[in-house]
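Below is one structure; the comments refer to it alone.
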2 protein chains.
Amino acid sequence: MPDDQLSRVFAALADPTRRDIVGRLAVGDATVGQLAAPYDVTVQAVSKHLRVLEDAGLVSRTRDAQRRPCHLEAEVFDLMTKWIERYQRQAEERYQRLDAVLARLQDDEQQQTDPDEGAAS
Amino acid sequence: MPDDQLSRVFAALADPTRRDIVGRLAVGDATVGQLAAPYDVTVQAVSKHLRVLEDAGLVSRTRDAQRRPCHLEAEVFDLMTKWIERYQRQAEERYQRLDAVLARLQDDEQQQTDPDEGAAS
DNA sequence: GGCCTTCTCAACCGAATGGTTGACAAAGGC
DNA sequence: GCCTTTGTCAACCATTCGGTTGAGAAGGCC
């Protein structure tokens, strides 16, 4: 629903049928009819799915007489992978920082408790 | 809407607010109130967003008195990247095959047209 | 025990989604 | 010039989604 491309790409791929279509288009271009054949839905429904994929920039449709061959535009994937990688990396770094902090806390604890414990008991 | 995890993850990230929340959680854990503060929506709305992220496996919520700290589960990203990479790779390979076919066609054409063209004109 | 904070649950609302059917445009095949 | 194929457009329908308000559970604080 939101109109930025990243949202549209994610939303487009949130549907199993559309992901399947993308999978088949990765193998090779295909017409709407060819793409619709395997599914138990009308051609119109598939046409709608293709429109969603097109709006997301994942698919382009050319023209061949009555037919409309669909082509996968794989570059848009980069948009997603970049977004994902950013937070994957951040989360990883954060994990390492956390480990470092925990390690330091443990050191401090030892410095504090070791003498105290020995003196108190 | 579909109940497989991949769909849920993609759908969860199709919303800018939720992507933003993920971005903030990558920096560090946060409570619902803290996460809600920057947005012009009610805490309930953010709570709903967090539920969506949780159902997708992207976020886990623990308990600290009344507060419910949220934690980013970065591993789920792998699910997406794996799916994406698969078709990125396939599309690339297909491109290379296409190039090869085109190159071969050009060779065949030359073998056919070169002698004919010389004889016809 | 009362109060305040934090958060979730439930009901509701308007808009978008995924599907259908029906009509029709566009382009070959006969 | 018709008829069939291929696909889109338009209207409709049920469901989901992102948001709201209102109520209430859970757990400190005084």
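Would you check if B:ALA11 is more than 14 Å from DNA strand C (Cβ to nearest atom) and either within 9 Å of chain A (Cβ to nearest Cβ) or in a strand (DSSP E or B) (or both)? Spelling it out, it is not the case that B:ALA11 is more than 14 Å from DNA strand C (Cβ to nearest atom) and either within 9 Å of chain A (Cβ to nearest Cβ) or in a strand (DSSP E or B) (or both). Taken together, the criteria exclude A:ARG86 from residues that are open to solvent by 80 Å² or more (accessible area, probe 1.4 Å), within 16 Å of DNA strand C (Cβ to nearest atom) and at pLDDT below 95.
Taken over segment B:15-54, the criterion of being assigned to a helix (DSSP H, G or I), within 14 Å of chain A (Cβ to nearest Cβ) and more than 13 Å from DNA strand D (Cβ to nearest atom) is satisfied by B:VAL22, B:GLY23, B:ARG24, B:LEU25, B:ALA26, B:VAL27. Only residues that are within 11 Å of DNA strand D (Cβ to nearest atom) and part of a strand (DSSP E or B): list them for segment A:61-75, please. Hits for segment A:61-75 are A:ARG61, A:ASP64, A:ARG67, A:CYS70. Among the residues of segment B:65-77, are any surrounded by 18 or more Cβ atoms within 10 Å (Cβ to Cβ) and within 22 Å of A:ASP4 (Cα to Cα)? Yes: one or more hits.
In this structure, does A:LEU13 turn out to be open to solvent by less than 70 Å² (accessible area, probe 1.4 Å) and more than 18 Å from the chain's Cα centre (by Cα)?
no
The values are calculated or read from the model by the stated rules, or taken from the named source; none is laboratory data. All values derive from a computational prediction rather than experimental measurement. Positions of Cβ are generated from backbone atoms using ideal geometry, with glycine treated the same way; all protein chains shown enter the neighbour counts. Ligands, DNA and RNA are excluded from the accessible area calculation, which covers all protein heavy atoms including side chains. Shrake-Rupley method; radii C 1.70, N 1.55, O 1.52, S 1.80 Å.
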